[in-house]
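The values are calculated or read from the model by the stated rules, or taken from the named source; none is laboratory data. All values derive from a computational prediction rather than experimental measurement. Here the Cβ positions follow ideal geometry from the backbone for every residue, glycine too, while neighbour counts run over all protein chains shown. Just the protein is used for accessible areas: all its heavy atoms, side chains included, with ligands, DNA and RNA removed. Shrake-Rupley method; radii C 1.70, N 1.55, O 1.52, S 1.80 Å.
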Amino acid sequence: MYKILHKESLGTNLHLLEVEAPRIARKAESGQFIILRLKEEAERIPLTIADYSREKGTLTIIFQEVGFSTRELAGCQAGDTILDLVGPLGVPSEIENYGTVVCVGGGVGIAPVYPITRDLKKAGNRVFSIIGARNSGLLFWREKMAEVSDQLFITTDDGSEGRKGFVSDVLKEILDKEKVQRVWAIGPMIMMKVVADTTRPYGVPTIVSLNPIMVDGTGMCGACRVAVGKETKFACVDGPEFDAHLVDFDLAMKRAAFFKDKEQQALAMCKCGGERR
Amino acid sequence: MPVQDAQARKNNFHEVALGYTPEMAGEEAARCLNCKNPQCVKGCPVEVDIPGFIQALKEGDLKRSARVLKEKNNLPAVCGRVCPQESQCEARCILGIKGEPVAIGRLERFVADWERASGAPQPERPVPKNKKVAVIGSGPAGLTAAGDLAKMGYQVTVFEALHTPGGVLMYGIPEFRLPKEVVRQEIDYIRKLGVDIQVNQVVGKTFTVDELLQKEGYDAVFIGTGAGLPNFMNIPGENLTGIYSANEFLTRTNLMKAYLFPKYSTPIKVGRRVAVIGAGNVAMDAARTALRLGAEESSIIYRRSAEEMPARHEEIEHAKEEGVRFMLLTSPVAYTGDENGHVKGMTCQRFSLGEPDESGRRRPVPIPGSEFELEIDTVVVAIGQTPNPLVPRTTEGLVIGKHGNIVADEESGATSRPNIFAGGDIVTGAATVILAMGAGKRAARSIDEYLKRKLRREVKG
Ligand SMILES: Cc1cc2nc3c(=O)[nH]c(=O)nc-3n(C[C@H](O)[C@H](O)[C@H](O)COP(=O)(O)OP(=O)(O)OC[C@H]3O[C@@H](n4cnc5c(N)ncnc54)[C@H](O)[C@@H]3O)c2cc1C
Ligand SMILES: Cc1cc2nc3c(=O)[nH]c(=O)nc-3n(C[C@H](O)[C@H](O)[C@H](O)COP(=O)(O)OP(=O)(O)OC[C@H]3O[C@@H](n4cnc5c(N)ncnc54)[C@H](O)[C@@H]3O)c2cc1C
Ligand code: SF4
Ligand code: FES
């Protein structure tokens, strides 16, 4: 059992949980994720490690309510426990001093991009960060991101905060002005695809973190397979980070949508608190 | 043995084989000759005293019968259900030469079930030894090694990556063949022997084997992480949705209880026409599961002929009775999808059989121009698993074989590192429950020898 120490709302349907998990915190690195299962009947939900404290033995996860399981998780309060928590899974980000880097976080993707940005900064990079969302209510961690960036840009689709437009607009401007060695982009699949298309003509190596449907997270089931270049990779053990220019995003998006109708069925059974009728 | 009616059972997940009644068990046990030199025992990888447990059963002393069984076998109710007895103990039974061998597996199941129903006695705990052993993986290999080491008095901790112990017994083999409650109770017995089972611990991630040895103070490690990496054919369209590995398909169903969706939150989607590629036990399980999940048609697609099918005979028969179709000498070469990226058809090719290959089976040869299209909306790829690479990749100095397996001595389980032992599917590649258990048993023995030597050295100072 893993205790929830702290819960916070970060915006519309956006939640932060700080969870006690000393063994995982001891090993966690940026770019990795955990899988949790709230209770016996629940799904295994993969979530990126947004932050960790080795001293306190805690992990921070941030998630968006998108369907039944995340809604159920949102029903948890500080003091509640999570039945299973496993990790840290996946390959850590390759942090080096590249020179100048750009970190892009879209929506809930701001959470996983934060520790990467922080580590890149610590490693001596000059860091430009861009965070964006549909509207201001979906943005969070502006200060934390600003702290670890040389310069932070904010965009919203509707112009309710920062610049009106997409993260890729700002990214393009930076690429036009600066010699950038590497780009990280984490967010909705479509955003990552657009970022990949933006950096491609500049030939800047670009890393995205994919979030396909997973079951075990240890390379056993193959649910998380993605086409990268000519190869099939398992995102849970080979990733979740991949070379954005080689990822088949169209296929990845189709695979991610596979259980949509089933999820609707589950959602129809649930009251807003995440309980079942 | 009585079984659930085929028409009824293909709509439920209840156990297919119903087990003997006490009368049937008595009659069957009475056939055993109690041979002086019992050949059956030689066919058993964990050396169960077969005539011993059958004689006790014959005398009506079920308690003693169960005790004799458990002396060698920590998981008798599991083995009584899934072991390929027909090619092991029963294949050697003297009565089998002229007629029917004693149904040893069914008797084993009967005795184990009786004991569970009547409350298994608390096992005795030996004098504790001051040595700690870590067991990685809680499949039959790991559980057996752990149970035997605990019986010898060692402090044993099992580390399991998933949230439920049992390995393939829990996530792979379906409820209708091996009820999960049966597995759970046998695992409880291992716990009662003093074994500490820690779930959600991915060795290689949460900690490495070397950290267990150096930082956590374990004196030896047994690796029983199985063959959990699914093989794919790498043919066009294989990543379309609706194409599952058998592991995903079965894990969603068994471990995550997708057949109880939405009471359980994990979904599974099965279309009207399901094709299962392969013809081993895993394929039979997938094909029969598909029917139970509502498929109208479920077909086994296999590139060799009926004779070469690796599944147990009984499972093939059960699948046929339930209506699974067999398309033999056939294999897919490509899949096609609809606009949503969902599989809607597959191109198959027909095969003939040529000369025997290195596996001793006749080699399948594709027939040029024999391609044909099949309408299909769900595919389960069940063409085998290779060893899970997480532990091999993160443990220095372990010699790894061609197929990603850990190289270990068959008799002792010894690896290239003195305090690390390994056994089960991670060493042999996908095999059987009882072979994994045999390997766990032998490794426990050599870990004991290793630790005794170590203890002697320590005493000498
Ligand atoms: C490595 C990894 C890291 C992730 N990190 C985060 C994170 O930090 N914060 C966050 O909010 N989300 C994260 N996700 C996504 C998160 O796991 C899914 O949003 C969640 O599982 C959806 O569960 P649900 O049942 O509530 O919603 P559903 O109703 O199942 O989801 C709605 C739709 O989301 C899609 N989906 C995408 N990925 C998944 C998935 N892995 N499992 C199930 N459905 C998925 C499906 O198309 C589904 O129809 C991550 C996913 C992965 C694989
Ligand atoms: C669907 C199916 C049906 C089968 N039917 C039969 C049958 O009828 N009869 C028969 O005899 N055999 C059958 N088999 C084969 C049999 O189940 C296996 O040979 C046997 O389970 C192997 O045992 P094992 O202990 O080596 O590994 P497994 O049972 O695979 O157990 C390995 C365990 O290790 C865990 N693990 C893996 N990596 C790590 C890690 N890094 N850290 C921690 N834990 C880890 C896994 O999660 C798993 O729980 C079947 C197999 C399948 C898949
Ligand atoms: S060989 Fe057959 S008859 Fe003889 S002891 Fe074994 S089970 Fe009984
Ligand atoms: S989630 Fe099962 S292999 Fe990646």
Next item on the list: For B:Val407 paired with B:Ala431, estimate the spin-label separation in nm (one decimal), with each label point 7 Å from Cα along the Cα-to-Cβ line.
Entry: 1.8
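Considering only protein heavy atoms and a probe of 1.4 Å, how much of the accessible area of segment B:240-350 is carbon and sulfur, as a whole percent? Intermediate results must be reported in sequence, preceding the final value.
Details: 1640 of 3480 Å².
Exposed carbon and sulfur together represent 47 percent of the surface.
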Checklist line | Span from the segment B:323-351 Cα centroid across to the segment B:22-91 one, whole angstrom | finding: 44
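Give the ranking of B:Met309, A:Met145 by solvent-accessible surface, highest area first, calculated with a 1.4 Å probe. The partial results should precede the final answer.
Numbers: B:Met309 20, A:Met145 0 Å².
Most to least solvent-accessible, the answer reads B:Met309, A:Met145.
May I ask you to give the solvent-accessible area per residue for chain A, in square angstrom, as obtained with a 1.4 angstrom probe?
40
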Next item on the list: Mind checking the per residue accessible area of chain B for me, 1.4 Å probe, whole number of Å²?
Entry: 41
Notebook entry, point to check: Relative to the isolated chain, which residues of segment B:249-279 have their accessible area cut by 40 Å² or more in the presence of all protein chains (1.4 Å probe, heavy atoms, no ligands or nucleic acids)?
Noted result: B:Arg252, B:Met256, B:Phe261, B:Pro262, B:Lys263, B:Tyr264, B:Ser265, B:Pro267, B:Lys269
Item checked: Computed over segment A:47-137: relative contact order in percent, which uses C-alpha pairs under 8 Å that are six or more apart -> 28
Checklist line | B:Lys192-A:Lys122 pseudo-label distance in nm [points 7 Å out on the Cα-to-Cβ vector] | finding: 4.9
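How many percent of all Cα-Cα pairs in chain A sit more than 30 Å apart? Let's see the in-between values first.
Values: 9979 of 38226 pairs.
Taking all Cα-Cα pairs of chain A, the fraction more than 30 Å apart is 26 percent.
Across the residues of B:198-208, average count of Cβ atoms on other protein chains within 10 Å? Let's see the in-between values first.
Values: counts 1, 3, 13, 3, 11, 0, 2, 11, 9, 3, 1.
Average per residue, whole number: 5.
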Notebook entry, point to check: So what does B:Glu186 come to for accessible area, using a 1.4 Å probe and Å² rounded to 10?
Noted result: 10
Check: To the nearest 0.05, what FRET efficiency results for B:Lys263 and B:Arg31 with a Förster distance of 45 Å applied to their C-beta separation?
Finding: 0.50
Note to self: Under 8 Å for C-alpha pairs, at least 6 residues apart: give me the relative contact order for segment B:1-87, rounded to a whole percent.
What the structure shows: 19
Notebook entry, point to check: Between B:Val3 and residues 5 or more places away or on another chain, which pairs have amide H atoms under 5 Å apart, with H built 1.01 Å from N, and which residues are they?
Noted result: B:Leu18
Check: Rounded to a whole number, what is D in µm²/s for the protein assembly as shown from Stokes-Einstein with the Kirkwood radius over alpha-carbon pairs (25 °C, 0.890 mPa s)?
Finding: 89
Margin query: Between A:Asp157, A:Asp51, A:Asp176, where does the largest GNM mean-square fluctuation fall for chain A, given springs only between Cα atoms within less than 10 Å?
Written below: A:Asp176
Next item on the list: Would you mind checking A:Lys193/A:Lys262; A:Lys27/A:Lys122; B:Lys63/B:Lys131; A:Lys233/B:Lys132; B:Lys63/B:Lys257; A:Lys39/B:Lys72 for any pair whose Cα atoms are more than 28 angstrom apart?
Entry: B:Lys63/B:Lys131; A:Lys233/B:Lys132; B:Lys63/B:Lys257; A:Lys39/B:Lys72
Item checked: Inter-site label distance for B:Glu297 and B:Arg393 at 7 Å from Cα along Cβ, in nm -> 4.0
Check: Comparing the chain by itself with all protein chains present, which residues of segment A:247-263 are at least 10 Å² less accessible (probe 1.4 Å)?
Finding: A:Leu251, A:Lys254, A:Arg255, A:Phe258, A:Phe259, A:Asp261, A:Lys262, A:Glu263
Next item on the list: Select from segment A:190-233 all residues whose loss of accessible area on going from the chain by itself to the full protein assembly reaches 50 Å² or more (probe 1.4 Å).
Entry: A:Val215, A:Thr218, A:Met220, A:Cys221, A:Arg225
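For an R0 of 60 angstrom, estimate the FRET efficiency from the Cβ-Cβ distance between B:Ser118 and B:Ser370 and round to the nearest 0.05. Please list the in-between numbers first.
Working: r = 58 Å, r/R0 = 0.97.
Approximately 0.55, to the nearest 0.05.
Students often check this: by mean Cβ neighbours within 10 Å, which of B:224-233, B:91-100 ranks highest, and how do the rest follow?
Values: B:224-233: 23.8, B:91-100: 13.7.
Most protected by this proxy first, the peptides run B:224-233, B:91-100.
Could you give the length gained by full extension between A:Glu231 and A:Lys179, i.e. 0.36 nm per residue of separation minus their alpha carbon distance, to one decimal place?
Residue separation times 0.36 nm, minus the Cα-Cα distance, leaves 15.7 nm.
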Checklist line | Distance between segment B:112-127 and segment B:204-258 - C-alpha centres, whole angstrom | finding: 31
Checklist line | Pairwise burial B:A, computed as accessible area of each alone minus the pair, summed, 1.4 Å, Å² | finding: 4100
Checklist line | Loop-resident sites, segment A:1-77, for trypsin sites (Lys or Arg not before Pro), counting at most 10 other Cβ within 10 Å (DSSP) | finding: none
Next item on the list: Write down the radius of gyration of segment B:99-207 and its Dmax, each obtained from C-alpha positions, in Å.
Entry: 15.5, 54
Notebook entry, point to check: Around B:Thr206, with a cut-off of 12 angstrom between Cβ atoms, what is the net charge of the other residues, counting Lys and Arg +1 and Asp and Glu -1?
Noted result: +1
Margin query: Quick check on chain B: helices-only [θ] at 222 nm, where DSSP H runs of length 4 and up contribute -39,500 (n - 2.57) each and the sum goes over total residues. Nearest 500, please.
Written below: -10000 deg cm²/dmol
Item checked: Apportionment of accessible area to carbon and sulfur, segment B:1-142, percent (1.4 Å) -> 53
Next item on the list: Report B:His14's accessible area, 1.4 Å probe, all protein chains in place, as a number in Å² to the nearest 10.
Entry: 120
Checklist line | Mean Cα-pair separation over length for chain A, i.e. relative contact order, pairs under 8 Å, 6 or more apart, % | finding: 17
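What FRET efficiency comes out for the pair A:Ala268/B:Asn234, r = Cβ-Cβ distance, R0 = 35 Å, nearest 0.05? Kindly include the intermediate steps, with their values, before the conclusion.
Numbers: r = 39 Å, r/R0 = 1.11.
Approximately 0.35, to the nearest 0.05.
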